[in-house]
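Let me begin by presenting the structure, written as structure tokens, before commenting on it.
The values are calculated or read from the model by the stated rules, or taken from the named source; none is laboratory data. It should be emphasised that the depicted structure is a prediction, and the values quoted were computed from it without experimental measurement. Neighbour counts run over all protein chains shown; Cβ positions are idealised from the backbone, glycine included.
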Amino acid sequence: MDILFLGIVVFLFLLAVVDLSVGVSNDAVNFLSSAVGSKAASFKRIVFVAAIGVFIGAAMSNGMMDIARHGIFRPENLSFYDVIVIFMAVMVTDVILLDVFNSLGMPTSTTVSMVFELLGATFVVALFKTAAPESTLSMGDLLNTEKALSVILGIFLSVAIAFVFGSLVQFLTRLIFTFEYKSKLKWKVALFGGVACTAIIYFMLIKGIKDLTVMTPELKAWISANTALILVACLVVFTVIMQLLHWMKVNVFKVVVLLGTFSLAMAFAGNDLVNFIGIPLTSLASYQDYMASGGGNLHGFSMESLNGPANTPFYFLIGAGMIMVVSLATSRKARQVTQTTVGLSAQSQGDEMFGSSRIGRSLVRVSLNAFNWVNDHTPAGVKRWIARRMDATNPQPEEGAAFDLVRGSVNLMLAGILIAWGTSMKLPLSTTFVTFMVAMGTSLADRAWGRESAVFRITGVISVIGGWFITAGVAFIGAGMVVCLMHLGGVPVMIAGGVIALGLLIRSNIRFRKKKKEVEHDTLFQTILSTEDSAEVWPLLRIYINEKAKMFFHFAATAYDDVSGGFLEDNTKMLSRAEKALVEEKDVLKSQRRKMTLCLRRVAPETAIEKSTWFHLENNMAMSMTYNLRRMNEVCKEHVDNNFRPLPKVFHDNLAAIRRNITAVLLDSEVAVEESRPEVIDGLRRRCEDIKNVLTARSREVYDFLRKDNDADMTVAYVYLNLLQESQELVSSLRKMLRASGKLNLAPSSYRSFTHPDSPEAKAS
């Protein structure tokens, strides 16, 4: 049995390696988002700077693991078996939870997840122990909830403080530098660089390196006694250095951003490293203590030794640092999580991944009313001066940057100051929460949240903040459920849980890579947004619209084939498949509409006015066809799921022919859009009219059938009639969509079909 627990300890180390990887992928947003968003350097250089900070922070960490050893539970009242079960449940839950957040592109806190996993697992174990007949222990003897409460308090404090200060500081900074900052630097940039670098050094002294091995008690005491002197000296020295660099044509803002990235990365590794390696190292220490006592009773050996300090071997810290560096350099999910923060704080509009929400719309409305009140009570001269200083007509970001270097510098400077201040005041401010909310506050101050994007940005912020609280809840419940199974099932369940966690992680990464490839294929959208010449936008956008139209026609053909085939063949599998696809397609169309609308705003005004009507018609008809398919599928699926009478044989051949014709015209539409030939589209529209006439005739046949008092088949007849009517609406929408597609692809002078009296269609009618 003892050898099995050694195997579990080894397995915990394996899970820790995985946890280090997924944890770094998520927390990378803390120190990468500002540098990546402002394009302070190439992505490789930014990662290189961050990697150096991560490695130094990890290697010089003191390895204190109070949270894992005795921060949540009271080890003197727990046995060796209890502790191992708790640790195994926590690691399994943490790996799965962090990977889910990474896959969704949502930044979360490793501290929150670890604390609440330990809390949930310990709570369930405590229930088992206190419920035992011979037990004299209470919940307070086993569980310490103070840390959990401090983490929850930290969320609220971090959100409020960081957002407010981020908005105020960025507003004042922008008034000083304006958006055309490159021509107005002179002496201001040196003073700003000096203040920023001093703030970053202050952050490193208070938070970043306070727990490193080089920080002896004597050195800490000296720094504490001379903090003011150190800061004044840093301010003077850095101001002089920054002025010299400015005279040497070095971009001071880039220096500040990269230095801030380094300091945050080092602080993250030095302080949060224990979140990942604390549990396996504590489990190893527990196993060594257990074996030193001679082994024996798993449930009787007390873990009182965990109340003492940890002695972390140096090679563990070096190894952890290397894993973190490799993960940071190779993780695609780190880029996705970083992109979430960058996208929500971007100066210009982009792909708003979170959509709209009722809360977001309400907050925007309240904020607009508050802004209007302030605006009405502000003197006209002050408004003119602020408007002139905050004019974003000619911004000067780096090429391809989401925001400029001024904001990137403020993000890192302010995050460092707030975290250091919170640490010195004993306030539990989270690095993740502070860096994210500062970025949101500075973007608001820079008027990045315009009326066209504010609701999406606010929805995104609410989603992320909600995710933090969800992290706590899911971590608590998830770890509790896992530890319950492991406590009852013993070693086999522990091993099975670990294997399942690794299996889910591998599956998640495979699916993520597949999804990422699909997203990367959407490069044309990014190309359109980055095109500066408005005359070049429409040819690219036309190609983009045609690609999405082709994809939709193919989807509609497949969906209609599944819906009609599922009803015809009494096949629930086909109908369920169609239902799932149709739900997803609605979100796809909404996303495409947002993207195309953004692109259309960049088109030359004359072309945009000419094409906008047809663009909206095409998109509306695609959405209408989706609704038609959903309505007919809903009725058909309910009928088939309930095992009601199948379609009478008398209607089989008719429905099979309709199925073939509609599917064929949809697939032919896919080809026609690519060819962009008016005569082909005209022919397809005439085919749509013919199909509509057939559907009308088939509907009359159903009415005649119902008049003959076929009570037994009445239910299925009405389902069939609904399918025919929705098919008729679908074909009608398809006809309109084809017309819109034709108008989008060719100029009115060359494409006169459907509107000109001399067109073949007009003559035929």
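Points worth noting:
- Residue in region 682-689 that is of a type in the set (Asp, Glu), over 24 Å from Arg631 (Cβ atoms), surrounded by 13 or more Cβ atoms within 10 Å (Cβ to Cβ) and in the same structural domain as Thr558 (by TED's automatic domain parsing) present: yes
- Just one of (1) at pLDDT below 80; (2) touching a helix residue (DSSP H, G or I) at 6+ places or on another chain (Cβ under 9 Å); (3) not polar (S, T, N, Q) fails for Ile510. It is (2).
- Hey, Glu679 assigned to a helix (DSSP H, G or I), among the acidic types (Asp, Glu) and under 26 Å from Lys586 (Cβ atoms) or not: no
- Residue list for region 322-335, restricted to those being at pLDDT below 80 and within 13 Å of Phe268 (Cβ to Cβ): Met324, Ser327, Leu328, Ala334
- Test: Ser576 is within 24 Å of Arg739 (Cβ to Cβ), among the polar types (S, T, N, Q), under 30 Å from the mean Cα position of the chain (by Cα) and in a helix (DSSP H, G or I): no
- Scanning region 486-504 for residues that are under 32 Å from the mean Cα position of the chain (by Cα) and surrounded by fewer than 18 Cβ atoms within 10 Å (Cβ to Cβ) yields Ile495, Ala496, Val499, Ile500, Leu502, Gly503, Leu504.
- Scan of region 74-91 for residues that are hydrophobic (A, V, I, L, M, F, W, C), under 13 Å from Tyr290 (Cα atoms) and part of a helix (DSSP H, G or I), ordered by number: Phe80, Val83, Ile84
- In the set (1) buried (at least 23 other Cβ atoms within 10 Å of the Cβ); (2) modelled with pLDDT under 75; (3) among the hydrophobic types (A, V, I, L, M, F, W, C), the condition left unmet by Leu412 is number (2).
- Among the residues listed as Val588, Val603, the single one being surrounded by fewer than 19 Cβ atoms within 10 Å (Cβ to Cβ) and either assigned by TED's automatic domain parsing to the domain that holds Pro539 or in contact with a His (Cβ under 8 Å, 6 or more places away or on another chain) (or both): Val588
- Tabulated pairs, region 111-131, first within 15 Å of Gly278 (Cα to Cα), second outside any helix (DSSP H, G or I) and small (Gly, Ala, Ser), C-beta under 7 angstrom, 6+ apart or interchain: Thr111/Ser430
- Residues in region 619-651 that are outside any helix (DSSP H, G or I) and among the hydroxyl-bearing types (Ser, Thr, Tyr): 0 in all.
- Long-range neighbours under 6 Å by Cβ, at least six apart or interchain, first residue assigned by TED's automatic domain parsing to the domain that holds Ala329 within region 45-61, second modelled with pLDDT under 80 and outside any helix (DSSP H, G or I): Met60/Leu212; Met60/Thr213
- Meets criteria (in contact (Cβ under 8 Å) with a residue 40 or more places away in the chain and assigned to a helix (DSSP H, G or I)) for Arg660: no
- So Arg739, is it part of a helix (DSSP H, G or I), modelled with pLDDT under 95 and crowded, with 19+ Cβ neighbours inside 10 Å: yes
- Region 729-757 residues that are closer than 18 Å to Ile691 by Cα and small (Gly, Ala, Ser), paired with ones that are surrounded by fewer than 19 Cβ atoms within 10 Å (Cβ to Cβ) and modelled with pLDDT of 85 or more (beta carbon under 8 Å, 6 or more apart): Ser732/Lys692; Ser733/Ser624
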